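Just below is one structure, and these are the notes that go with it.
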């Protein structure tokens, strides 16, 4: 528990302040929801429902997050928090934590990594049931999303056998 308390003490959650409504019933603390989501990622918990099931079994952990032990959140609270919160807010929290960890020399910050997963764009050109001339032309931009880019995915179903899939992806 102590290591999570130390980690969460460095978590700058000031960007979450704008989410709190000025009137009405106070919501479940957004700071506590964020801490629980950080814990979920650290522990490689796959589903929000698994996280919600773990909270009643570990009341000390719920207190570290900032939840009241008798008023624990449900899956819908986490889903609404993730859906309603802009990604830029999460990025600010992440950036401040990484900066703090570099400052404390816990991490070096000398390597940069990228997520290389391709997300297909929802454009007519990706639907193979439609008939389109020059479907995968590099010079032709899709009307549905002009910013999308042509990509290729290589799949190896068996040794020495390749399958290629062309599609437009999000930038």
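The values are calculated or read from the model by the stated rules, or taken from the named source; none is laboratory data. Treat the numbers as computed from the prediction; the structure is a model and nothing was measured. Note: ideal-geometry Cβ built from the backbone for every residue, glycine included; neighbour counts use all protein chains shown.
Here are the numbers for this structure:
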| read-out | value |
| --- | --- |
| Per-region count, the range 91-133, residues free of Cβ contacts under 8 Å to residues at least 24 places away in the same chain and in a helix (DSSP H, G or I) | 8 |
| For residue 105: the one exception among (1) closer than 30 Å to residue 33 by Cβ; (2) surrounded by 11 or more Cβ atoms within 10 Å (Cβ to Cβ); (3) modelled with pLDDT of 85 or more | (2) |
| Among (1) out of contact with any helix residue (DSSP H, G or I) (no Cβ under 6 Å at 6 or more places or on another chain); (2) more than 30 Å from residue 98 (Cβ to Cβ) - the single one residue 147 does not satisfy | (2) |
| Residue, surrounded by the fewest Cβ atoms within 10 Å (Cβ to Cβ), within the range 9-33, restricted to residues that are in contact with a helix residue (DSSP H, G or I) (Cβ under 6 Å, 6 or more places away or on another chain) and more than 18 Å from residue 91 (Cβ to Cβ) | 28 |
| Some residue of the range 62-74 being in the same structural domain as residue 31 (by TED's automatic domain parsing), without any contact (Cβ under 8 Å) to a residue 24 or more places away in the chain and within 21 Å of the chain's Cα centre (by Cα) | yes |
| The listed residue being touching a strand residue (DSSP E or B) at 6+ places or on another chain (Cβ under 9 Å) and surrounded by 14 or more Cβ atoms within 10 Å (Cβ to Cβ), out of 62, 36 | 62 |
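Each row is one residue, and each column tells you yes or no for (1) in the same structural domain as residue 10 (by TED's automatic domain parsing); (2) more than 23 Å from the chain's Cα centre (by Cα); (3) at pLDDT below 85.
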position: 85; (1), (2), (3): yes, no, no
position: 93; (1), (2), (3): yes, no, no
position: 128; (1), (2), (3): no, yes, no
position: 131; (1), (2), (3): no, yes, no
position: 147; (1), (2), (3): no, no, no
